[in-house]
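A quick write-up on the structure given underneath.
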Amino acid sequence: MKILVTGAAGFIGSAFVRHAIANSQQIVVIDKLTYAGHLKNLEGLINNQNLHFEHGDIADSNFVASVFKKYPISAVVNFAAESHVDNSIHSPREFIDTNIIGTFVLLENSRSYWSTLSENQKKQFRYLQISTDEVYGTLGDSGKFHEELPYRPNSPYSASKAAADHLVRSWFHTYNLPTITTNCSNNYGPRQYPEKLIPVMITKALKEENLPVYGNGGNIRDWIHVEDHAAGVYLALTRGTPGETYCFGGNSERRNIDVVRAICLTLDEAAPRPNGQSYSNLISFVQDRAGHDWRYAIDDSKAQAALGFERKYKSFEEGLQATVSWYLTNTDWSSNVLKKKGSI
């Protein structure tokens with residue numbers, strides 16, 4: 001039996017695939033290969049006998065049905081999503097199509113396939129939805145997100161993810177499809193497309209470009225290394241209880257401006273500027289994002305107690321140094337994914 005992983009040519013999905021294959025799992029990948037999904041992210045795995053790649057859109061029901069007919073599937077893990085908040089503000093329709101319609105198509109095809117399985121196979125089957133902490137809205141200066149909080153999304157992106165999560169919950173309660181949902185804080189690490197904060201700052205700094213920071217940089221995010229998140233998702237898939245939700249965080253709250261300064265300091269030591277100045281001199285403050293949530297933080301004590309979740313990266317600084325080092329060593333990756341934007 002094989003795990004069907006959607007969006008696996010993306011940043012988090014590819015990290016999960018690497019983790020699952022390291023645990024002797026067989027994987028079927030579905031990916032549309034949009035601008036943020038690249039086969040380079042699966043480099044070294046494409047010809048692995050435990051990985052099968054299918055190029056297509058999760059919102060295409062005929063295509064998804066053909067994949068279920070082609071392979072014996074034991075689980076579905078849905079990473080496929082439009083995920084950049086700025087893009088959702090300017091072009092929300094793509095987020096509705098992929099995040100909501102795509103999830104609906106996956107759920108219906110999963111349910112149809114699941115109904116054909118033996119009773120034992122039905123009990124073993126899982127549908128796992130990858131969500132975000134942004135569905136919970138925003139926090140003040142205290143408190144953390146947890147599984148029992150109501151959803152209060154504030155952007156088209158988070159609203160589309162919240163809608164998808166509600167569909168997943170209803171397919172469990174209405175049809176008994178064994179679903180699980182996970183919510184995570186901001187991810188960082190290798191192979192993140194250069195549109196999110198950390199890879200943007202690294203790539204711009206190395207090009208001697210201005211480092212744009214929204215507002216005064218005071219917005220706070222909790223950061224989890226992508227390898228820790230991938231490990232958590234794997235635990236939820238293999239140990240989680242159907243109908244449950246599990247949150248994964250990094251226990252690493254940082255102001256955005258402090259993250260940018262930490263990147264600059266790391267680059268100052270690892271790749272000094274030709275003019276001898278600090279990269280922090282490139283920081284510029286720009287108009288704040290519309291509807292910018294103030295603070296995110298996650299309490300993942302449930303995942304620790306129920307799944308045995310532990311973080312490999314004990315500090316954000318440790319993970320950031322490893323991340324910066326990866327981008328410095330893999331400058332060709334960044335130039336290639338940006339050069340081939342929108343192509344296979």
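Listed values, structure above:
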quantity	calculated
Model label zone, Ala271; criterion: amide N under 20 Å from point 7 Å along Cα-to-beta-carbon; scope the stretch 205-236	205-213, 226
Candidates per GluC sites (Glu not before Pro) in the stretch 265-320, loop by DSSP, up to 16 other Cβ within 10 Å	Glu310
Nonlocal amide H pairs with Tyr246, under 5 Å, H built at 1.01 Å	Thr181, Thr182, Asn183
Check: the stretch 94-213 dipole with +1 on Lys, Arg Cβ and -1 on Asp, Glu Cβ, in debye	340 debye
Over the stretch 216-303 - Rg/Rh using Cα atoms and the Kirkwood inverse-distance radius	1.12
Using alpha-carbon coordinates, inclination of helix 61-70 to the longest axis of the chain, degrees	70 degrees
For the chain, calculated [θ]222 nm from helices alone, where every DSSP H run of n ≥ 4 adds -39500 (n - 2.57)	-12000 deg cm²/dmol
Simple spin-label estimate for Asn23 and Leu338 in nanometres, 7 Å along Cα-Cβ	3.5 nm
Theoretical gain in end-to-end length, Asn47 to Asp97 [0.36 nm per residue, Cα-Cα removed]	14.9 nm
Amide hydrogen neighbours beyond the local backbone of Tyr151, cut-off 5 Å, H modeled	none
Rounded tilt (10° steps) of 226-239 against the dominant C-alpha axis of the chain	20 degrees
The chain, relative contact order [Cα under 8 Å, separation at least 6], %	19 percent
Förster radius 41 Å - calculated FRET efficiency between Ser112 and His90 (Cβ-Cβ, nearest 0.05)	0.70
Principal-axis tilt of helix 102-114 within the chain, Cα atoms, nearest 10 degrees	30 degrees
Whole-Å distance, taken between Cα centres, linking the stretch 113-138 and the stretch 1-22	15 Å
Bridge type composition, the chain - antiparallel percent by DSSP, nearest 5	10 percent
Part-to-part distance (alpha-carbon centres) for the stretch 251-319 and the stretch 155-169, which is given in Å	26 Å
Full-stretch length increase - Ala290, Lys2 - with 0.36 nm per residue and alpha-carbon distance subtracted	99.5 nm
Sites Thr329 and His55, calculated FRET efficiency, Cβ-Cβ separation with R0 30 Å, nearest 0.05	0.55
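Quick note: the coordinates plus some simple rules give every number you see, no bench work behind them. Just so it is clear, the structure is predicted and the values come from calculations on it, not from any experiment. Heads up, the Cβs are rebuilt from the backbone with ideal geometry, glycines too, and the neighbour counts pull from every protein chain shown.
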